[in-house]
Amino acid sequence: MALLLAAALALTTLQPMENFIHPEKCNSVDAPLPSMADRDDYVIGFYYNIYLPVERQNKCEPELIEYFSKYLVGQTPEFLTPAQFKTLSKYALSYAPINAIVRDRLIPLTEQVLKEGKNIDEALAHAQEQIQNNDLPNYQFALEQLKLLRDEELHGSAMYERFTFLINSVEDCVTNLSRLLSRAKSTIKLNYNERGIIGNQNEPTTVSEEEQHLARFDNRRKVMVQEIKNIRDKVPQGASFLALQEATPDAVVELKEDLEDVYPTWISFNNVTGKPTELVVEEEVFGESSTFTSTLALSPELQIQRHALANLPSTSGIHQRKILGVEVLNTKTNRKFAIFTTHTEHIPASYHDTVIKVHEFVRDFIGENPDLPIVFGGDLNAFEGAAGGEKFIQEMREGPFAGGLDYREGDQFFVHKSISDSTYIGIEGVDSRHKFKDGILAPNALDHILTNNVKVICGTRSAVVYDEQGKIVDPYLQAELYQERLERRKTASDHFLNAVIFHNNES
């Protein structure tokens, strides 16, 4: 192991990119993670936002968007069938009304004014004025129709609450159109200025049926399982855990089966009900079938001692945010440590309150054992720059994490140079923070792993990129193909698979 680390040190050290949320002492090495087969006192911990099975949850979203698009032009369409409606996630229900306005009104109206010789700012302003004056009043009628449909449901039932959520989304469109359109207008303007196109046209105009098939969660799940096992095999004698974000109940059920030989023990809770995760066929509580879960999988060496679950600020109202804490005993070393996993709110105004709640939860969980080794991580949605992400991470590293390390601050951080300073692929054109420049993905810090009272050996980050046959692309042996597929976002997730390897024995 020492020789492998020494060889890695001889490689060129990557310099952190400007304006990126990075630790003070990040030692990046552009190299694959070396084998540590001789160590049984090491633990490898994975944190991964796997990106939910969006094609399942939102499969009827186009029909819902079409429903609202017809209202915009004064028609009175038939509503979705109950089977279609109850499969839609909160995310789809929240954004379908505004997506209808953007797709079928804002974009065509903008294009029309551009053809008349106006500039992009004039075109967008004219389009918004037309929508506000001529189209949006039709949403008032849509609201009345939705309320009549809601009245046919049992008050307080999951379907009644589902209609209520959609009604609130439409009302938000009516009362806060300018705010809701601001990002859409920025995207349109950015694409127009940079590419001469309107809307979001990042993918080729024609996508093969094969690639559409590969983008489905069933196939993304297969390659992510391959990569988890590939990295896990670098430390075959040590213990391991896997913490997942955006793992919906159906995804958890499937992944448990895929990874049962590596992780026989799973502790997972439905973020809506707080109950142990199981497949939801018929909702009793609105959102329980498509919610995120708090999920942790353990290798056989890790025995659960206790656990706790708590709510975190959930300002957006789309997902209930939670934090899960689990104390485990590593039977290989007879040492205990605590694992914390979370997926925090993406609204920057929630950052400070989130820090307070996380610190409070961790302190309460540790109790009278301040020296208990801890590993904390997940998708913290820590956006850069003006959004306050840097301050968020700085505050998070205080309290019970004071004096600890970011997982990139061990002896080495093994990561391909293309993704060395980024934790999220994003969609180029939608958000200017996400850019490929000279073959390197510009930074956007979202995912973090923090530790305390443990000896961090090294960290690693992996982009689960797959080829046209659905097989993992090696970033070092297939560099050109890897870069091409990465830039086209042919990955198992928008996020990267992050891992920390630490020493779990007496200091």
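The values are calculated or read from the model by the stated rules, or taken from the named source; none is laboratory data. Quick caveat, the model's predicted, so the values are computed rather than measured. Heads up, the Cβs are rebuilt from the backbone with ideal geometry, glycines too, and the neighbour counts pull from every protein chain shown. The protein model used for the area step is the full one, side chains on, heavy atoms only, and it has no ligands, DNA or RNA in it. Shrake-Rupley method; radii C 1.70, N 1.55, O 1.52, S 1.80 Å.
Out of Phe165, Phe141, one residue alone is aromatic (Phe, Trp, Tyr), assigned to a helix (DSSP H, G or I), in contact (Cβ under 8 Å) with a residue 60 or more places away in the chain and open to solvent by 70 Å² or more (accessible area, probe 1.4 Å). It is Phe141. Give all pairs with beta carbons closer than 8 Å in which a residue from region 169-196 that is surrounded by fewer than 12 Cβ atoms within 10 Å (Cβ to Cβ) meets a residue that is at pLDDT 85 or above; count only pairs at least 6 apart in sequence or on separate chains. Listed by first residue and then by second, the contacts come to Ser178/Gln128; Asn193/Ile120.
Going through (1) more than 27 Å from Tyr91 (Cβ to Cβ); (2) surrounded by 22 or more Cβ atoms within 10 Å (Cβ to Cβ) one by one, Pro370 falls short only on (2). If you go through region 472-498 and keep only what is assigned to a loop (DSSP other than H, G, I, E, B) and either of a type outside the set (Lys, Arg) or open to solvent by less than 50 Å² (accessible area, probe 1.4 Å) (or both), you end up with Val473, Asp474, Pro475, Tyr476, Leu477, Gln478, Lys490, Ala492, Ser493, Asp494, Phe496. Looking only at region 25-62, residues that are under 25 Å from the mean Cα position of the chain (by Cα) and of a type in the set (D, E, K, R) come to 5 in all. Can you confirm whether His359 is part of a helix (DSSP H, G or I) and touching a helix residue (DSSP H, G or I) at 6+ places or on another chain (Cβ under 6 Å)? So His359 passes the test. What single numbered condition from (1) at pLDDT 90 or above; (2) touching a helix residue (DSSP H, G or I) at 6+ places or on another chain (Cβ under 6 Å) fails to hold for Lys86? So the condition that Lys86 fails would be (2). Across region 93-107, not a single residue is classified as on the phi < 0 side of the Ramachandran plot and not in a helix (DSSP H, G or I).
Residue count for region 29-67, restricted to those that are surrounded by fewer than 17 Cβ atoms within 10 Å (Cβ to Cβ) and of a type in the set (Ser, Thr, Tyr): 1.
Mind checking which residues of region 73-111 are among the aromatic types (Phe, Trp, Tyr) and over 28 Å from the mean Cα position of the chain (by Cα)? The answer is Phe79, and nothing else.
The single condition among (1) at pLDDT 85 or above; (2) within 20 Å of the chain's Cα centre (by Cα); (3) open to solvent by 50 Å² or more (accessible area, probe 1.4 Å); (4) farther than 21 Å from Ala247 by Cβ that Glu428 does not satisfy is (1). The residues of region 436-447 that are surrounded by fewer than 24 Cβ atoms within 10 Å (Cβ to Cβ), of a type outside the set (D, E, K, R) and in a strand (DSSP E or B), listed by number, are Phe436, Ile440.
Counting the residues of region 223-254 that are over 14 Å from Leu52 (Cα atoms) and either of a type in the set (Lys, Arg) or not in a helix (DSSP H, G or I) (or both) gives 13. Is it fair to say Leu324 is open to solvent by 40 Å² or more (accessible area, probe 1.4 Å) and at negative phi? Answer is no for this residue.
Among the residues of region 386-401, are any part of a loop (DSSP other than H, G, I, E, B), at negative phi and in contact with a Ser or Thr (Cβ under 6 Å, 6 or more places away or on another chain)? No: zero hits.
A single member of Glu282, Glu254, Glu288, Glu246 is surrounded by fewer than 15 Cβ atoms within 10 Å (Cβ to Cβ) and under 24 Å from Asn58 (Cα atoms), and it is Glu282. For region 386-412, the tally of residues that are open to solvent by less than 30 Å² (accessible area, probe 1.4 Å), farther than 16 Å from Val454 by Cα and modelled with pLDDT of 90 or more stands at 3.
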